[in-house]
1. Could you provide, to the nearest whole Å², the per residue accessible area of the range 181-261 with probe 1.4 Å?
2. When only Cα pairs under 8 Å and 6 or more residues apart are kept, what is the percent relative contact order across the range 122-202?
3. Connecting C-alpha atoms closer than 10 Å in a GNM of the chain, tell me which of 259, 307, 101 has the biggest fluctuation.
4. When ranked by the protection proxy of mean other Cβ atoms within 10 Å per residue, highest first, what sequence do the peptides 217-223, 310-316, 190-196 form?
5. Using the Karplus curve 6.51 cos²θ - 1.76 cosθ + 1.60 with θ = phi - 60°, work out ³J(HN,Hα) for each residue of the range 380-390 in order, rounded to whole Hz, and write x for Gly and Pro.
6. Report the gain in length on full extension from residue 196 to residue 330: 0.36 nm times residue separation, minus Cα-Cα distance, nm rounded to one decimal.
7. Which cross-chain or sequence-distant (5 or more) residues have an amide H under 5 Å from the amide H of residue 64, H modelled 1.01 Å from N in plane?
8. Using the beta-carbon distance between residue 368 and residue 208 and R0 = 30 Å, what value does 1/(1 + (r/R0)^6) give for FRET efficiency, to the nearest 0.05?
Amino acid sequence: MIKHAFKAEETELAPSEPILPTDPIAPDEHIAPAPRISIQAFCETMETAAAVQAAGEDRRLGKAHLKIQMGGAAAAVEAYRSSPTPNVILLESETRSHDILASLDQLAEVCDAGTRVIVVGRVNDVILYRELVRRGVSDYLIAPIGTLDVVRSICGLFSPVDAKPLGRIVAVVGAKGGVGASSIAHNVAWSIAGDLNMDTVVTDLDLAFGTAGLDYNQDPPQGIADAVFSPERIDTNFVDRLLSKCTDHLSLLAAPAALDRVYDFASESFEAVFDSLRSNVPCVVLDIPHQWTGWTRRTLINADDILIVASPDLANLRNTKNLVDLLRAARPNDHRPFYCLNQVGVPKRPEIKVADFAKALDDDPAATIPFDPQLFGTAANNGQMIAEISSSHKTAESFRHLAQILTGRMEAKRQRGGFLTPLLSRLRQRKA
Ligand SMILES: Nc1ncnc2c1ncn2[C@@H]1O[C@H](COP(=O)(O)OP(=O)(O)OP(=O)(O)O)[C@@H](O)[C@H]1O
Ligand SMILES: [Mg+2]
């Protein structure tokens, strides 16, 4: 039986810019994760195979199943004579001529309908593009390619241009307990919704003790627990009904803050809730408790943006450094997690200077928020946000600044090039 060409409808092809594999994603770019798909790559060069391999390890392809082999289009034609084709085939063609077209025609004979084909080639030529489009090829990348080119291309196949863009997940976590991570998460979410007019959902993941309900002066009967304990019921309508509306653009998925049961979750327990939220809201702010469990680790690694909140002491510095190192290693194609310093300037408390903290981490804080018990205490007791108490206060301004950075509206000032300072050597000496 002669099988169909790769794809029924034609796709607009645009040659991708070559990007070095080490370039992290731009702050304002958002690549939605790919669904559970199968991908097979047939490479001709080790460089392309390495880029594809690295792409397969990217968090956005975490659900995809990737197999790489060498041999290019000829190997693909051979392989699919006797076996079904996957969701995506990536073919590399080293040749500088249009020979790839003949191989594609052969491949079309054995390719299942619905399989998408991405071609990596060396020829930058509009006539070739046109011929590839005519054959239903979904994307054409010009070698040398970087990891993100592959991630972007594959994920792009599953988020059609006319579909609603998926929401951005912003995770906020404290380097230590009680450093103000929740206060900052709630105030930043308030600003994303109110100042940037982005529909936002705050998800309180501290199920036993979360304070989002108190902070927003809400006491909803339902919330995150109803979703996470009934995974079979999760869909956008169900999750939508669990939200309580705080302002025009801000809703809350509240924690029960009750101790009638315990909250031991498996690593993937929250996946379905997050997927449902991100398919419906442009911005989801996660208030993550200060814990290190399978699900907190996974949630941080899979977030689009991360904010670590720290207070200026040695334990916070060590924990921030450990979190940043782990997250950078697990997310090599993303920009590094942001951090902010909070509760700076507690009277009589010896503190690590902001400049030293920044030097030790080789990165400036995205914001530095002073200790202000009057302001924060009033806000907490009244169930109000800082901006509601004083919109022009410098701390309210810091929350607006964080909101812009975390949604990619503004690039954070980064300090680069320094090396570890005596503070971190002190930590290492202690370990030894
Ligand atoms: N900059 C600040 N100045 C003074 N008080 C603050 C500041 N930031 C937060 N707080 C107060 O610190 C307390 C702890 O804040 P919050 O609950 O946000 O911390 P957390 O890191 O989320 O704690 P937990 O580990 O319990 O989740 C609250 O009473 C809050 O009002
Ligand atoms: Mg908290």
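1. I get 44 Å² per residue for this part.
2. 15
3. Among 259, 307, 101, the largest mean-square fluctuation in the Gaussian network model of the chain belongs to 259.
4. So the order, starting with the most tightly packed, is 190-196, 310-316, 217-223.
5. Each residue's phi maps through the Karplus curve to give 5, 6, 8, x, 10, 8, 4, 5, 6, 7, 8 Hz.
6. Details: separation 134, 0.36 × 134 = 48.24 nm, distance 2.99 nm.
The span from residue 196 to residue 330 would gain 45.2 nm if fully extended.
7. Amide H neighbours of residue 64: 37.
8. For residue 368 and residue 208, the calculated efficiency is 0.50.
The values are calculated or read from the model by the stated rules, or taken from the named source; none is laboratory data. Just so it is clear, the structure is predicted and the values come from calculations on it, not from any experiment. For neighbour counting, all protein chains shown are included, and Cβ atoms are generated from backbone atoms with ideal geometry for every residue, glycine included. Heads up: the accessible areas ignore ligands, DNA and RNA and are worked out on the full protein's heavy atoms, side chains in. Shrake-Rupley method; radii C 1.70, N 1.55, O 1.52, S 1.80 Å.
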